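Inspection log for the structure reproduced underneath, given as structure tokens.
The values are calculated or read from the model by the stated rules, or taken from the named source; none is laboratory data. Bear in mind the structure is a predicted one, so any value in this text is a computation, not a measurement. When we count neighbours, we look across all protein chains shown, and the Cβ atoms used for this are built from the backbone with ideal geometry, even at glycine. Accessible surface areas use protein heavy atoms only, side chains included; no ligands, DNA or RNA. Shrake-Rupley method; radii C 1.70, N 1.55, O 1.52, S 1.80 Å.
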Amino acid sequence: MTSTDGEHFGSFKTADIDRQDAARLAFVLDAIAAKPAVQTLKAWALAALAPKPGEFALDVGSGTGEDTVALYAITGRAVGVEPSPGLRAEAAQRAGQGEVEYVEGDATDLPYDDATFDVIRCERVLQHVGEPARAVAEMARVLKPGGRIALIDTDWQTAIMHPADPDVIGRISAHLMSQSANPFAGRQLRGLLVDAGLTIEGETAATWIEPQEGANEGFLQAMIPTSVAAGAITAEEAEAFQTAMTEAAARGAFHFSLTMYGVTGTKPSR
């Protein structure tokens, strides 16, 4: 996500908090969360973390809050840290009158003492963070010895589009990558956890594959005009790109995919 943070949707970058359109960001988060690949990774992370009643759970970059609520439903103690005031308000509204708490904070400077949490999850956040190593070090700091952590993120270099002019696809792909503060987040997850002193417990990947109707709606339709607006492609190239994708979809040959990765780890006990 995305890019889920392209100009059409507003930016998810932490540097752009003051310019965010929260309603639009929530729409994007909902659309991405509904993708089967994302649902697969969410379920995998929750099973791997295996939160228990009474444990304290943290959702870093909690967005619209559904995953924080899922942690709370199991542990009875969960908090979401989210820098966007609009998304915190949306999450609180969705959570209703429950005891789930959404706190202002940045992944690189978590507002908690050392060794506070038993379980931490962070999904599709590090791609928007300019200092991912600092963010993961912060998560390791607030995690208790023996605590578990799950990171999920996208690697934007895995975006594949077919068929169209390869040069145009290359420039669109480069624009997509430029929209993320850290477009290679997915491939970095294991190393980030290791460098923060954590022990790797598991890893997986899931690929988002757009259905044929995706050639004419959703992500692709947002991506084309933002690429034109940024000067990555011309209006004529955009029209030719769209025509190629539409014609391919009509015969069942359109392809767009993007791979996301998940890694879990534990903090060594003292």
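Points to keep in mind about this one:
- Scan region 57-85 for residues that are over 20 Å from Arg134 (Cα atoms) and open to solvent by 30 Å² or more (accessible area, probe 1.4 Å) and the total you get is 10.
- Any hit, region 47-55, residues being out of contact with any helix residue (DSSP H, G or I) (no Cβ under 9 Å at 6 or more places or on another chain), modelled with pLDDT of 95 or more and under 18 Å from Ala159 (Cβ atoms): no
- Hits in region 155-173 (condition: open to solvent by 80 Å² or more (accessible area, probe 1.4 Å) and either on the phi > 0 side of the Ramachandran plot or touching a Gly at 6+ places or on another chain (Cβ under 7 Å) (or both)): none
- Members of region 258-270 that are in contact with a Phe, Trp or Tyr (Cβ under 8 Å, 6 or more places away or on another chain) and either open to solvent by less than 10 Å² (accessible area, probe 1.4 Å) or of a type in the set (D, E, K, R) (or both): Leu258, Met260, Gly262
- The residue that is farthest from the chain's Cα centre (by Cα), among those in region 101-136 that are hydrophobic (A, V, I, L, M, F, W, C) and part of a strand (DSSP E or B), is Phe117.
- Residues in region 233-270 that are β-branched (Val, Ile, Thr) and outside any loop (DSSP other than H, G, I, E, B) were compared, and the one that is nearest to Ile172 (Cα to Cα) is Thr243.
- Matching entry among Ile149, Ile169 (being at pLDDT 95 or above and within 17 Å of the chain's Cα centre (by Cα)): Ile149
- Of the residues making up region 215-232, those that are part of a loop (DSSP other than H, G, I, E, B) and closer than 18 Å to Ala33 by Cα are Glu217, Gly218.
- Within region 195-206, being farther than 13 Å from Arg148 by Cα and loosely packed, with under 15 Cβ neighbours inside 10 Å holds for one residue alone: Asp195.
- Any chance Glu203 is modelled with pLDDT of 95 or more, closer than 30 Å to Thr40 by Cβ, within 23 Å of the chain's Cα centre (by Cα) and among the acidic types (Asp, Glu): yes
- Unique residue being modelled with pLDDT under 95, touching an Asp or Glu at 6+ places or on another chain (Cβ under 8 Å) and closer than 25 Å to Pro183 by Cβ when the list is Thr259, Thr226, Thr264: Thr226
- Checked against the criteria, Asp30 does not count as on the phi < 0 side of the Ramachandran plot, under 14 Å from the mean Cα position of the chain (by Cα) and modelled with pLDDT of 95 or more.
- Members of region 212-257 found to be closer than 30 Å to Leu193 by Cβ and either buried (at least 16 other Cβ atoms within 10 Å of the Cβ) or among the aliphatic types (A, V, I, L, M) (or both), listed by number: Phe219, Phe256
- Within region 64-86, being among the polar types (S, T, N, Q) and not in a helix (DSSP H, G or I) holds for Thr64, Ser84.
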